[in-house]
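J.: I'd like to ask you about the structure that follows.
Bear in mind these aren't lab numbers, they're just calculated from the coordinates by the rules spelled out. This structure is a prediction, so every number in the text was calculated from the model and none was measured. Here the Cβ is made from the backbone with ideal geometry for all residues, glycine too, and neighbour counts use every protein chain on show.
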């Protein structure tokens, strides 16, 4: 149960929910409430499918490419750290820029990928999927889907959040998320370096 809760919290932060909310609001500015709900549902469903594939195929991918899990931890951690720096420095204002021109459906691209499941998130999911085995994998999946469910709830409440917090409030929360992501990234990198050095010594 502890693993379920910790994995849920980690993934919830990893998905950078307040940045996703701000991007969602920008992409669906002219949509009706019903269209917003539909877009939110499809985006989270697409993100869940992508995350599920990444979670289970991390280990076979590493074996196929001849990459050790510790090497990938270091690379994924650095990429996640760069994303965290971007959130802290730029916040939601500059990150939530939407290309000009009409979009028929923004739920999969760019909302699910790469907003929810971006390069850094992909790396982190691959690492977590490779680390967990047996019953731990069940709890890990449960935590990931709980985080996606929480994200879905936030997207459905995005309009209310915008009225309640304003762009400044969302910006502050996004920066706080970036700080926590930076700490998580540092931990992933340190774990990878420790494992890599232990392998050399062995």
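J.: Hey, what angle do you get for helix 33-65 against the long axis of the chain, alpha-carbon based, 0 to 90 degrees rounded to 10?
T.: With both axes taken from Cα atoms, the answer is about 10 degrees.
J.: Something else: Arrange the peptides 45-51, 63-69 so that the one whose residues have, on average, the most other Cβ atoms within 10 Å appears first.
T.: Top to bottom by mean Cβ count within 10 Å: 45-51, 63-69.
J.: On a 0 to 90° scale, report how tilted helix 2-14 is relative to the longest principal axis of the chain, with both axes built from alpha carbons and the result rounded to the nearest 10.
T.: 60
J.: Evaluate E = 1/(1 + (r/R0)^6) for residue 34 and residue 136, where r is the Cβ-Cβ distance and R0 equals 45 Å; express this FRET efficiency to the nearest 0.05.
T.: 0.70
J.: Distance in nm between label sites at residue 176 and residue 59, each 7 Å beyond Cα in the beta-carbon direction?
T.: The answer from the label model is 3.7 nm.
J.: If you don't mind, another one. Show me 123-130, 161-168 ranked by packing, highest mean number of other Cβ atoms within 10 Å first. Before the final figure, lay out each step's value.
T.: Working: 123-130: 23.1, 161-168: 13.0.
Listed from highest to lowest mean packing, they are 123-130, 161-168.
J.: For the pair residue 159 and residue 85, what calculated FRET efficiency results from E = 1/(1 + (r/R0)^6), where r is the Cβ-Cβ distance and R0 = 25 Å, to the nearest 0.05?
T.: 0.25
J.: Note the angle between two axes, namely the Cα long axis of helix 17-27 and the longest principal axis of the Cα atoms of the chain, as a number of degrees from 0 to 90, rounded to the nearest 10.
T.: Its long axis makes an angle of about 40 degrees.
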